[in-house]
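Report on one structure; see the data block that follows.
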Amino acid sequence: MPRIDIHSHYISPAVLAEIRRVGAHCDTPYEDRAGVGIFVHTPERPYGPIKPTFYDIDLRLAHMDREQIDRQVLLAPPFVFYYWSNVAEARALMALENDGIAEAVRHRSGRMLGFGTVMLQDVAGSIREAERIKEVGLLGVEIGSNVNGLGLDDARHFDFYAAIESLGLALLIHPHNVAGQERMADYHLRNLIGFPLDTTLAAAQLIFTGVLDRFPRLRICLGQAGGFLPYIIGRLDAGYRARPECRRNIKRPPSDYLKSFYYDTIIHSARSSAFLIDTVGAERVMFGTDFPFDMNATSPVAEIETQQSLTAEQRQRVYSVTAAEFLRLPTDATGRALPQVAAQ
């Protein structure tokens, strides 16, 4: 049964070298900690360690073979979003990362797929880069869960969403710069709690503002299994019934929008994964690992295989069929994704 990993991270060696050279000027200073690895600092926090599996395709392929993963979608790490910077060097780094992912997709193995990213604080520039992302053969755009604290529901982003719809690209929302981070300095809580929290906040804003009604053809994946959204959806429905402001922009309860999103399986629990699939359906859930960050899913296949309630058809959907639909990959009669021919 083929498997597509919808959520992994890749940093181009050329980008990493450039961050070492000019990163401090873009508020992403480079640090090489002896015996630990490379860290890239953002105004939010340091990201790392950045080990060779982030940029060495052959090492990545060996890992995929061990985990029985057929294909992998490459995403930029959040430290390349550069929402916090407008300097020319940051824009060049972001574009260089998109080019690096496109080059990785052209790897001789034919097993890599890719998303680009954009500096969403500049909507016009983001639209131009999204057009280029499609031209170089990438299948979607990864965006952060907020833009310097500005919600994704803000009307300033609407032209970008319209362009993404028109281009037929997928969107993946990745948490970063999380709400409440000033209270999460210890115990890696910015990641453990902050990441799913900010994903949930972004999704709720998109629902209540009516963005999903305004742009019904958007294909949006919520990283980290949708955060807390599937778990608290009943509370959002209660707010819709009780509070007039929750009905201002939408005519249906929030639970009606759960299946407007796609979700990865990065939740680190077979029981929680089963709840997600039962709640939104296998046709909305896609296998993901978060490789190679240290918070990656260490037993991603086992989390699916140990769910005895899943049928073979549901497993195939979670492993590859839903991802092929989300990415608009050609498939054969069994739903197996066919090899992608990347732009040269």
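Available extension along the chain between HIS25 and GLN181 is 53.8 nm, counting 0.36 nm per residue and deducting the alpha carbon span. Note on SER109 and ASP56: the extension gain reaches 17.8 nm, defined as 0.36 nm multiplied by sequence separation minus the Cα-Cα distance.
If you take the beta carbon distance between ALA124 and ALA88 as r and set R0 to 25 Å, what does 1/(1 + (r/R0)^6) give as a FRET efficiency, to the nearest 0.05? Intermediate results must be reported in sequence, preceding the final value.
Working: r = 16 Å, r/R0 = 0.65.
The pair ALA124/ALA88 has a calculated efficiency of 0.95.
From the alpha carbon centroid of region 9-36 to that of region 250-300 is 31 Å. Each other residue within a Cβ distance under 12 Å of HIS176 adds +1 if Lys or Arg and -1 if Asp or Glu, for a net charge of -1. Cα centroids of region 140-205 and region 44-80: 21 Å apart.
Going by average Cβ density within 10 Å per residue, which order do the peptides 75-85, 178-188, 294-304, 7-17 take, highest to lowest? Could you put the intermediate results ahead of the total?
Numbers: 75-85: 23.7, 178-188: 13.2, 294-304: 16.8, 7-17: 21.4.
Packing proxy ranking, top to bottom: 75-85, 7-17, 294-304, 178-188.
Cross-link reach is defined here as a Cα-Cα straight distance under 30 Å, omitting same-chain residues fewer than 8 places apart; for LYS259 the lysines meeting it are LYS134, LYS251. A simple spin-label model places the labels of GLU245 and LEU192 3.2 nm from each other, with each point 7 Å out along Cα-to-Cβ. The peptide list 312-319, 121-128, 197-204, 235-242, put in order of mean Cβ contacts within 10 Å with the highest first, becomes 197-204, 312-319, 121-128, 235-242. Tell me the mean residue ellipticity at 222 nm calculated for the chain from its helices only (DSSP H runs of n ≥ 4, each -39500 (n - 2.57), averaged over every residue, nearest 500). -10500 deg cm²/dmol, from helical runs alone.
The modelled label-to-label distance between ALA312 and ARG214, using points 7 Å beyond Cα along the C-beta direction, is 4.6 nm.
Please give me the summed charge of the neighbours of ARG247: other residues whose Cβ is under 15 Å from its Cβ, Lys and Arg +1, Asp and Glu -1. Before the final figure, lay out each step's value.
On the way: positive: ARG241, ARG243, ARG248, LYS251, ARG252; negative: ASP213, ASP237, GLU245, ASP256.
Charge balance near ARG247 sits at +1.
Listed by Cβ neighbour count within 10 Å, with the fewest neighbours leading, ILE233, ILE143 appear as ILE233, ILE143.
All of the numbers you see were taken from the coordinates with simple rules; none came from a lab. Keep in mind it's a predicted model, so treat the numbers as computed, not measured. Counting neighbours? That spans all protein chains shown, and the Cβs are built from the backbone with ideal geometry, glycine included.
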